[in-house]
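Colleague: Got a structure for you, written out below as structure tokens; questions coming shortly.
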Amino acid sequence: MRKEIWILLIVAVAVALFLSPFASPYPDGLERVAADKGFLEKGEGPGLVHSPIPDYAFPGIKNEKVATAVAGLVGTVLTFGVMYGIAVLIKRGQVNRGQAILDSRKNGQG
Amino acid sequence: MHIPDGFLDPKTFSTAWVLGGTAVGFAVAKTKKHLGERQIPFMGVMAAFIFAAQMVNFPIAGGTSGHLIGAVLAAVMLGPWTASIIMATILVLQAFIFFDGGITALGANILNMAVIAPFAGYWAYQVLQRLLPGRAGTLVGAFAGSWISVVLAALACAVELAFSGMAPWRVVLPAMLSWHVLIGIGEGVITTAIVSYVTQVRPDLVYETAKA
């Protein structure tokens, strides 16, 4: 990978590791509206799927700030990997389609 | 602004799934046409950075916080179609791995933050670039575009909540807008600072329309 990709990835990991533990604990805009208007509890059921790292706290770590930082690190690296993989698949689709066009031309001429 | 399960009724979340899913499908088809080899790792780091930045809630006022959405940041850097894919990918991971945003509500969250936010915001960014020449257009456009992306995503969220009968229209629309008008300023400041920096140091990394 090129140097600037590594630098940007390090910046992203640094934000997750060192800034996310100090995020504001206040509810966000939607949570605040839901609480004010009396429908917050409608969204508080158990999850439909089992989330391995619920609420950005890595399970099994007692210190809240460390649990958030580790969740942030894992999430950032995971997001990088998944997005990279999807981008590769999209690119491959492009190549295959180009190949398919070439093949169909060949077949048409043959 | 991640809607959890339970806030939206089936007619609303299924409609949102169809709209959001179709739009992201188009985005994949569009990106497939022009995705360059060197953009692949850049898509990865952009997604990673936006994921990390979304974790950092900043206090705004009255015991409420907001966090970056990042849709316009991604759109200015990589174009709106690619931004849509990046945002949708982040939202899927947040819903399944981090219990942030519901599974039934994922279509609505994708519609609001991966479709409406990048496209409406990028459109505003482009309009301002036409009105103001050079770097000023890029920076003012980035600020206004990211502000409007948050406000319109919040408006869409409020419409979905009202359709679902969570609260009356006249209650939920002004409530959502009043907070997100402020949160949008935070979005604008962060987006503009990053766009300003990257267009200065590495203008070659930025999507064709940005001016150094």
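Colleague: Over segment A:3-78, what is the relative contact order in percent, taking alpha-carbon pairs closer than 8 angstrom and at least six residues apart?
Modeller: Working: 44 pairs, mean separation 33.8, N = 76.
Reported relative contact order: 44 percent.
Colleague: While we're looking at this one, here's another question. In nanometres, what is the gap between the two model label sites at B:ARG135 and A:ALA35, each 7 Å from Cα along Cα-to-Cβ?
Modeller: If labels sit at B:ARG135 and A:ALA35, their model points lie 4.2 nm apart.
Colleague: Any idea which of B:ALA16, B:PRO59, B:GLN126 is furthest toward the positive side of the dipole for chain B, if Lys and Arg beta-carbons carry +1 and Asp and Glu beta-carbons -1?
Modeller: Towards the positive end, the residue furthest out is B:GLN126.
Colleague: Only Lys, Arg, Asp and Glu count, each charged at its Cβ (+1, +1, -1, -1), so figure out the dipole size of segment A:3-78 about its Cα centre, rounded to 20 debye. Mind dumping the intermediate values first?
Modeller: Numbers: 6 positive and 8 negative charges, 37 e Å.
The dipole magnitude comes to about 180 debye.
Colleague: For the protein assembly as shown, what is the convex hull volume of the alpha-carbon atoms per residue, in Å³? Please list the in-between numbers first.
Modeller: On the way: hull volume 48.8 nm³, N = 322.
Dividing the Cα hull volume of the protein assembly as shown by its residue count gives 151 Å³.
Colleague: Next question. Please report how far the C-alpha centroid of segment A:27-84 lies from that of segment B:128-170, rounded to the nearest whole angstrom.
Modeller: 25
Colleague: From the phi angles alone, apply the Karplus equation (6.51, -1.76, 1.60; θ = phi - 60°) to segment A:11-17 and give each ³J(HN,Hα) in whole Hz, x where the residue is Gly or Pro.
Modeller: 4, 4, 5, 5, 4, 5, 6
Colleague: Over chain B, what is the relative contact order in percent, taking alpha-carbon pairs closer than 8 angstrom and at least six residues apart? Don't skip to the answer; put the middle values down first.
Modeller: Working: 336 pairs, mean separation 55.2, N = 212.
That works out to 26 percent.
Colleague: Okay, moving on. State the number of lysine pairs found in the protein assembly as shown whose Cα atoms come within less than 21 Å, restricting to pairs 8 or more positions apart or on distinct chains.
Modeller: Numbers: A:LYS42/B:LYS11; A:LYS91/B:LYS30; A:LYS91/B:LYS32; A:LYS91/B:LYS33.
Lysine pairs, 8 or more places apart or on different chains, close enough: 4.
Colleague: Quick one: dipole size for the protein assembly as shown, taken about the Cα centre, charges +1 on Lys/Arg Cβ and -1 on Asp/Glu Cβ, in debye to the nearest 20.
Modeller: Details: 22 positive and 17 negative charges, 251 e Å.
It works out to roughly 1200 debye.
Colleague: What is the magnitude of the charge dipole of chain B about its Cα centre, with +1 placed on the Cβ of each Lys and Arg, -1 on the Cβ of each Asp and Glu, and no other charges, expressed in debye to the nearest 20? Display every interim value, and only then the final one.
Modeller: Working: 10 positive and 8 negative charges, 106 e Å.
Dipole size: approximately 500 debye.
Colleague: Then there's this: For the pair A:LEU17 and A:LEU89, how long in nm is the line joining their label points, each one 7 Å along Cα→Cβ?
Modeller: Going from the A:LEU17 label point to the A:LEU89 one covers 3.0 nm.
Colleague: Would you kindly state how much longer the chain becomes between B:PHE163 and B:THR15 on full extension, computed as 0.36 nm times their sequence separation minus their alpha carbon distance, in nm to one decimal?
Modeller: On the way: separation 148, 0.36 × 148 = 53.28 nm, distance 1.09 nm.
Stretched out fully, the B:PHE163 to B:THR15 stretch lengthens by 52.2 nm.
Colleague: Let me ask another. When the label point is put 7 Å from the Cα of B:SER178 along its Cα-to-beta-carbon vector, which residues of segment B:1-39 have a backbone N closer than 20 Å?
Modeller: Residues passing the 20 Å test: B:1.
Colleague: Amide H to amide H under 5 Å from B:ILE60: which residues, 5+ apart in sequence or cross-chain, H placed 1.01 Å off N in plane?
Modeller: Long-range HN contacts for B:ILE60: B:SER65, B:GLY66.
Read the figures in this text as sums done on the coordinates, not as results from a lab. Quick caveat, the model's predicted, so the values are computed rather than measured. As a convention, Cβ positions derive from the backbone with ideal geometry for all residues, glycine included, and neighbour counts pool all protein chains shown.
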